[in-house]
Amino acid sequence: MNDTLVTLVGYVATQIDYKETPSGPSARFRFAVTPRYFDRRKEAWTDGSTSFYTVWARRTLAVNLAGSVAVGEPLVVHGRLRVREDPPDGAGHRWVSAEIDATAIGHDLNRGTAAFRRVVKIETPLMATQKAAVV
């Protein structure tokens, strides 16, 4: 399959929307990316237009994201780009949205520090019973 993989550097624009679903944990948030470039006419760095993406995380990434990230924090997001174009509304306006199905998310260490804590999975008695029943 020809997926478009992207890596974006930007800031968390909205709170993390975390949900437990039948297929497992899911989380999403809006991500703001503003390119900077050197304007030779002004002899100064200038911000370009901000692009917004909806970032989706699933399973363990969703759980860790919800416990680690807040609005305004700088992140690096890597994942599959999906561009969706909705049909024109009654006024003839077309909407295009860009979503990232994230495979990795981390704090941008160019803009601050972070303390990593490894998640230790603990086997519950129910999980042990289920494994014994399968054997």
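The values are calculated or read from the model by the stated rules, or taken from the named source; none is laboratory data. As the structure is a computational prediction, the values presented were derived from the model and not from experiment. With ideal geometry, Cβ positions are generated from the backbone for all residues, glycine too; neighbour counts draw on all protein chains shown. Keep in mind that these areas ignore ligands, DNA and RNA; they rest on the heavy atoms of the full protein, side chains included. Shrake-Rupley method; radii C 1.70, N 1.55, O 1.52, S 1.80 Å.
When Ser97, Ser68 are screened for being surrounded by 12 or more Cβ atoms within 10 Å (Cβ to Cβ), closer than 16 Å to Arg28 by Cβ and under 13 Å from the mean Cα position of the chain (by Cα), only Ser68 passes.
Every test in (1) at pLDDT 95 or above; (2) surrounded by fewer than 13 Cβ atoms within 10 Å (Cβ to Cβ) is passed by Val76 save one, and that test is (2).
Any chance you could count how many residues in the range 34-62 are within 12 Å of the chain's Cα centre (by Cα), open to solvent by 40 Å² or more (accessible area, probe 1.4 Å) and of a type outside the set (Lys, Arg)? Lay out the reasoning, then the answer.
First, pick out the residues of the range 34-62 that are within 12 Å of the chain's Cα centre (by Cα): 52-58, 61-62.
Okay, now just the ones that are also open to solvent by 40 Å² or more (accessible area, probe 1.4 Å), so 52-53, 56, 58, 61.
Those left that are additionally of a type outside the set (Lys, Arg): 52-53, 56, 61.
Within the range 34-62, residues that are within 12 Å of the chain's Cα centre (by Cα), open to solvent by 40 Å² or more (accessible area, probe 1.4 Å) and of a type outside the set (Lys, Arg) number 4.
Take Ser26 and decide whether it is at pLDDT 95 or above and either of a type in the set (Lys, Arg) or open to solvent by less than 50 Å² (accessible area, probe 1.4 Å) (or both). Taking the combined requirement at face value, the residue satisfies it. On the stretch given as the range 12-51, residues that are at positive phi and assigned to a strand (DSSP E or B) total 1. The single condition from (1) out of contact with any Gly (no Cβ under 7 Å at 6 or more places or on another chain); (2) surrounded by 18 or more Cβ atoms within 10 Å (Cβ to Cβ) that Phe31 fails is (1). Look at (1) exposed (fewer than 15 other Cβ atoms within 10 Å of the Cβ); (2) acidic (Asp, Glu); (3) assigned to a strand (DSSP E or B) and you find that Asp89 fails only one, number (3).
A count restricted to the range 64-108 and to residues that are charged (D, E, K, R) and in contact (Cβ under 8 Å) with a residue 24 or more places away in the chain stands at 5.
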